[in-house]
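Trainee: The structure is given below, and queries will be raised subsequently.
What follows draws every value from the coordinates through simple rules; no lab data is involved. Small disclaimer: the values here were computed from a predicted structure and weren't measured. As a convention, Cβ positions derive from the backbone with ideal geometry for all residues, glycine included, and neighbour counts pool all protein chains shown.
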Amino acid sequence: MIRKISDILAEKEMTYSFEFFPPKTEKGVEKLFEVAGEYKELNPDWFTVTYGAGGSTRELTMELVDQFQKRFGVPTMHHFTCVGHSKDELANIIEEMKRRNICNILALRGDPPAGVENWEPAPNGLEYSYQLVELIREHNGFFSVGVAGFPEGHIDCPDKETDTKHLKMKIDAGSDFVITQLFFDNKDYFDYVNRLKAASIGVKVLPGILPITDYKKLIRFCAGCGATIPKRVHDIFRPIDGDEEATYKAGIDFVIEQCNELLDGGAPGLHFYTLNKLDPVREVLGKIRR
């Protein structure tokens, strides 16, 4: 029986989870199954699989989630977005998840397909993730529902107070927990948790962790998602840009320090963005797991 993440979080003080994305080729998919099998040996609390912009990986995401649960017996959370789907289509996808015993969903508004500047909801679609949470909650408790959180505020929000109000709407709609966007200054996470507590948001907030392995790619990625790269990160990685070995070692050292500080400060676990790679996450986990 596949467990709901809400039940796991209620029982455990600390959890470790790992996120994957759907590869573009058959060879990539087979490699991902190998990598996930190795992660299975690390006793994960759950896996997650992302959902492409505009629902572009819809079928593959569901197939990967289904196969991860069947092959490895690991609860696997299906990322799920509003963008690109009508409400009826969303309802049908939820029914298919239920049929496959996929009982964990990360409910997101989602990103429009690349090149779409003036995004509008699909005809008869949903505009906000709290509406997707409400739709999922029509299934009488079958699903555990997580939502995304943004320690620095969502890139489209005018200020952190508005961002907090939006998150509270998602929690009030029935969300069980929060997984944050990546960040590199732990103060952002701790300030965020305190801000949510002040707004009477009491669910667990799991920090999203991205090990740094490529400085230039990090800059491009953060520019797109709105995450800030602190001066300290630039000072560490800019001088060694292009030196893969030195960057890898510095990335390991940085994320170990970051994770230990988060756990010492009371974070209820860690959610790793693996980029479909086994290392450096496996190496880091071996040194920080408690």
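Trainee: What are the semi-axes of the equivalent ellipsoid for region 1-90, taken as the square roots of 5 times the Cα gyration tensor eigenvalues, largest first, in whole Å?
Mentor: Working: eigenvalues 104, 67, 20 Å².
For region 1-90, the semi-axes come out at 23, 18, 10 Å.
Trainee: Region 3-62 to region 136-156: how many Å between their Cα centroids?
Mentor: Between the Cα centre of region 3-62 and that of region 136-156, the gap is 17 Å.
Trainee: Please give the charge dipole size of the chain, origin at the Cα centre, charges +1 on K and R Cβ atoms and -1 on D and E Cβ atoms. Round to the nearest 20 debye. Please list the in-between numbers first.
Mentor: Values: 36 positive and 45 negative charges, 93 e Å.
About 440 debye.
Trainee: In the structure displayed, which of Lys4/Lys170; Lys24/Lys98; Lys24/Lys249; Lys197/Lys217; Lys217/Lys277 lie more than 22 Å apart, Cα to Cα?
Mentor: Details: Lys4/Lys170 19 Å; Lys24/Lys98 26 Å; Lys24/Lys249 29 Å; Lys197/Lys217 34 Å; Lys217/Lys277 15 Å.
Check vs 22 Å cut-off fails for Lys24/Lys98; Lys24/Lys249; Lys197/Lys217.
Trainee: Continuing with this model, one more query. Could you please rank Phe21, Phe80, placing first whichever residue has the fewest other Cβ atoms within 10 Å of its Cβ?
Mentor: On the way: Phe21 21, Phe80 27.
Ordered by Cβ neighbours within 10 Å, fewest first: Phe21, Phe80.
Trainee: Full-extension gain between Asp88 and Lys168, please, as 0.36 nm times their residue separation minus the C-alpha to C-alpha distance. Kindly include the intermediate steps, with their values, before the conclusion.
Mentor: Details: separation 80, 0.36 × 80 = 28.80 nm, distance 2.56 nm.
26.2 nm is the gain from fully extending Asp88 to Lys168.
Trainee: Going by a ≥ b ≥ c, the root eigenvalues of the Cα gyration tensor, does region 122-197 fall in the rounded group (a/c under 1.5), the prolate group (a/b larger than b/c) or the oblate group?
Mentor: Details: a/c = 2.36, a/b = 1.62, b/c = 1.46.
Since a/c reaches 1.5 and a/b is larger than b/c, the shape of region 122-197 is classed as prolate.
Trainee: If you don't mind, there's one more thing I want to ask. Given 10 Å bins starting at zero, what is the percent of C-alpha pairs of region 108-254 in each, up to the one with the largest pair distance?
Mentor: 10, 33, 31, 20, 6, 0
Trainee: Evaluate Rg over Rh across the chain, taking Cα atoms for both radii and Kirkwood's formula for Rh.
Mentor: Working: Rg = 18.3 Å, Rh = 19.5 Å.
With Rg and the Kirkwood Rh in hand, the quotient comes to 0.94.
Trainee: In units of 2.2 N^0.38 Å, what is the alpha-carbon radius of gyration of region 214-290?
Mentor: Cα-based Rg divided by the globular estimate yields 1.13.
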